[in-house]
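Worksheet: the structure to be examined is printed underneath.
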Amino acid sequence: MNNTVHHNSTVIHGSDISFSYDFDGQLSSALTDIDIEIKKGEFVAILGQNGSGKSTLAKHFNALLPVQKGKLTVCGIDAKNQSEIWRLRRLCGMVFQNPDNQFVSSVIEEDVAFGLENYEVDRELIPDMVENALRLVGMSGYEKRSPHSLSGGQKQRVALAGVLALDPDIIVFDEVTAMLDPMGRKEILEEIHRLNKETGKTVVMITHYVEETVNADKVLLLHNGRVAGFGTPREIFTNTELMQRVGLVSPVPVRLFNDLKAEGICLKSCPLTNEELVEEICRLS
């Protein structure tokens, strides 16, 4: 039996996933009957307002939260299988909102090596793997620096290098731009897209910023712990009724398209990005 994962094969498959937090005996439902399917190499954004269940769902993918109800397989591994949790976490890496909470060393190269040492990778191989991971995120030459001397965007790159060093098949980004300034956000987003394209790794990005998801392959829209929609960014964001129902605002180009239409000016197709908007407006002239 051949174990290679083909591009159209499913790497995350969940059905009927429900999860409740227990606050002193009071159960609070966070997820209800979630179905999800993510294919190898896809860039999937999980979008929703704060409290919609995004991070709770993401933490199921690398077994930080247990599957209470339903089924979940990640890279062919049953997420309920306790004996496979370490292997699952190596195949599905996670980068969190606050990189400072992820640093374990005051020297960058030691920090990136930490995960490799935990997984008992041959010590002689580690320096090359660390160097390669830092190169992948554009942080070569920073090996001896302290993580705390870096900008927010650079810290996120180092946190990402720590995950990349383990060469996971899937990388989950949990609100990684939330603490960054606009420049840092742009930088990290470009980095994530570049990695997805160049390495073919599957990317799952959790965010509440609609603008960050317009270039994703698919958007999973969560609302009150349930799936409200799943489709291409164009399918999701041009559905005005759906966006209103989940309390999110469509990207500016989509809103402008609708405003122009209301005024009797019809663009040929609905733009998602500023670049597309400029093209459509130029066609009018």
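The values are calculated or read from the model by the stated rules, or taken from the named source; none is laboratory data. What you see is a predicted model; the values in this text were computed from it and never measured. Neighbour counts are summed over all protein chains in view; Cβ atoms, including those assigned to glycine, are modelled from backbone coordinates with ideal geometry. Surface accessibility is based on the protein's heavy atoms, side chains included, excluding ligands, DNA and RNA. Shrake-Rupley method; radii C 1.70, N 1.55, O 1.52, S 1.80 Å.
Summary table
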read-out	value
Heavy atoms of VAL249 accessible to a 1.4 Å probe, total area in Å² rounded to 10	80 Å²
Most mobile of GLU211, GLU275, GLU191 in a GNM of the chain (Cα contacts under 10 Å)	GLU275
Residues in region 165-201 reached by a label modelled at SER151 [backbone nitrogen below 16 Å; 7 Å Cα→Cβ]	177-192
Accessible area of region 134-246 divided out per residue, in Å², using a probe of 1.4 angstrom	42 Å²
Most to least packed among 218-225, 159-166, 119-126 [average Cβ atoms within 10 Å]	159-166, 218-225, 119-126
Gained length - ASP217 relative to THR199, 0.36 nm times residue gap less alpha-carbon distance	4.9 nm
Of all accessible heavy-atom area on the chain, the percent that carbon and sulfur account for (1.4 Å)	49 percent
The chain, relative contact order [Cα under 8 Å, separation at least 6], %	21 percent
Solution diffusion estimate, µm²/s, Stokes-Einstein, the chain, Kirkwood Rh from C-alpha pairs, 4 °C, viscosity 1.567 mPa s	64 µm²/s
Dipole axis of the chain (+1 Lys, Arg; -1 Asp, Glu on Cβ), positive-most option in SER151, ALA161, LEU27	LEU27
For region 10-250, share of DSSP beta bridges that run antiparallel, in % to the nearest 5	55 percent
R0 of 25 Å, Cβ-Cβ distance TYR209-ASN118: FRET efficiency to nearest 0.05	0.20
Region 151-229 - percent relative contact order, Cα under 8 Å, separation 6 or more	29 percent
